[in-house]
1. If you scan segment 89-134, which residues turn out to be under 22 Å from T18 (Cα atoms) and not in a helix (DSSP H, G or I)?
2. Mind listing whichever residues of segment 59-82 are within 17 Å of L127 (Cα to Cα), more than 24 Å from the chain's Cα centre (by Cα) and of a type in the set (G, A, S)?
3. Going residue by residue through segment 16-35, is there one that turns out to be among the hydrophobic types (A, V, I, L, M, F, W, C), farther than 24 Å from L3 by Cβ and open to solvent by less than 40 Å² (accessible area, probe 1.4 Å)?
4. Given the residues S48, S60, which is the only one that is polar (S, T, N, Q) and under 27 Å from Q81 (Cβ atoms)?
5. Would it be correct to say that L127 is under 14 Å from the mean Cα position of the chain (by Cα), open to solvent by less than 50 Å² (accessible area, probe 1.4 Å) and at pLDDT 95 or above?
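The values are calculated or read from the model by the stated rules, or taken from the named source; none is laboratory data. The structure presented is a predicted model; accordingly, all values stated were derived computationally and were not measured. Backbone-built Cβ (ideal geometry, glycine too); neighbour counts: all protein chains shown. Areas reflect the complete protein model, heavy atoms only, side chains present, ligands, DNA and RNA absent. Shrake-Rupley method; radii C 1.70, N 1.55, O 1.52, S 1.80 Å.
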Amino acid sequence: MKLLHIFSVLIYGGFLFTDNLILMRMQKTLSKKKYEEVRAYFQGFTKSIVPKALITAVISGLYLIHTTFGPIAETGLSNFQIILSIKALLGLWLGLRGILQVFFGIQPLIFKSHRLPFILVILIILLSQVMWSV
């Protein structure tokens with residue numbers, strides 16, 4: 001399950017990486033017509049796999065939280081549990097945003113670009129590394 005989660009996050013994060021660091025830069029150098037052509041070509045591929053990867057990441061992430069969160073001590077949440085909870089909330093927000101947008105056509109009221117999701121994915125990755133050492 002952990003491997004499935006990692007691969008699905010890799011697909012979703014790779015999409016955001018490509019969109020934010022490659023396609024947005026191409027917009028500055030290509031003509032508007034050529035950029036729209038490249039963007040449409042890219043979207044043709046991503047629409048079939050990225051939403052499925054996002055759903056897989058959310059479902060597998062929920063399962064992994066269930067299996068790794070552990071019992072809450074009398075003194076409260078451990079640092080691991082706090083960081084895992086923050087990571088989970090960010091992941092659930094990304095998942096909800098993506099599912100509402102892709103499957104129900106509900107566009108986000110704010111943050112219409114992929115910049116914030118990209119930053120949140122980077123933050124989630126950093127938190128996933130930190131939580132094991134606190």
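1. Scanning segment 89-134 gives Q107, P108, I110, F111, K112, S113, H114.
2. Answer for segment 59-82, where residues must be within 17 Å of L127 (Cα to Cα), more than 24 Å from the chain's Cα centre (by Cα) and of a type in the set (G, A, S): just S78.
3. yes
4. Working: S48 fails: under 27 Å from Q81 (Cβ atoms).
None of the other options fit; the residue is S60.
5. Spelling it out, L127 is indeed under 14 Å from the mean Cα position of the chain (by Cα), open to solvent by less than 50 Å² (accessible area, probe 1.4 Å) and at pLDDT 95 or above.
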